[in-house]
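The values are calculated or read from the model by the stated rules, or taken from the named source; none is laboratory data. For clarity, every value in this text was computed on a predicted model and none was experimentally measured. Ligands, DNA and RNA are excluded from the accessible area calculation, which covers all protein heavy atoms including side chains. Shrake-Rupley method; radii C 1.70, N 1.55, O 1.52, S 1.80 Å.
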Amino acid sequence: MSSQQPADEPVYDDRVYRSSMAVVTGVLLLALIAWLCGDAVVRGSGNAPWVALAVALCAVPLVVAFTIRPAVFANADRLRVRNPFRVIELPWAAVDSVRAGYSAEVLAEGSKYQLWSVPVSLRERKKAARQQRKPGRRGGPAGLGPSSSEAQNPAVPARPQRAEADRVVDELRDLAERGASRAGAQGSVRVKWSYEVIAPVVVGAVLLIVLLATG
């Protein structure tokens, strides 16, 4: 006997969106914290090593939370937004809109959730608009002329140049429109606080205050 698959299958792997610049910045900041705090622990006197450890305990999770951690995962059924202190899971049927103004946002069930890993660059957006206004503009890679398909077929319309955040939002809108009616895309928004990030920050901050107050 052969089992029949539902009409809206298959579900493919998640698309992952994150800021490579933020990740690089986070790695550099973590290296700086490790160098400064490590030096204070090894060479410091009195309560300086403990202060350095408290600073590291507070600062490292914050750096990770705002640079390396943020990501957006999207598949045919739902959108999962991993922000600094929360994880938001949004079935496509619950999503009202995805937009990019001064920040990338998703609207669902009367609430607004920012997409931290999709930064909006007004400079990049203006540059893309200037490229579109250039006469004879074609949609080849990196703006270096027409693509091979366009060169072979002049009737192919030029693809508009888009800023990265706008391109990501366009892809998410397309997924939302195509996935909203799927059986696996039904449900309500779920929000989970990331206590694994919040707890060490609070502990480090309290320890630092105690050490400074008693020092």
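Quick look at the values:
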item	result
Accessible area per residue in Å² at 1.4 Å probe, computed on the stretch 17-79	52 Å²
Accessible area of the stretch 53-131 belonging to carbon and sulfur atoms, whole % at 1.4 Å probe	55 percent
Cut-off under 5 Å, modelled amide H: who pairs with residue 115 long-range	104, 105, 106
For the stretch 155-215, accessible area per residue (1.4 Å probe, heavy atoms of protein chains only), Å²	64 Å²
Backbone HN-Hα couplings from phi across the stretch 67-74 [Karplus 6.51/-1.76/1.60, Hz, Gly and Pro as x]	10, 8, 5, x, 7, 10, 10, 9
Estimated vicinal HN-Hα couplings, Hz - the stretch 26-41 in sequence order (Karplus 6.51, -1.76, 1.60; Gly, Pro = x)	x, 4, 5, 5, 5, 5, 5, 4, 4, 5, 5, 5, x, 5, 5, 5
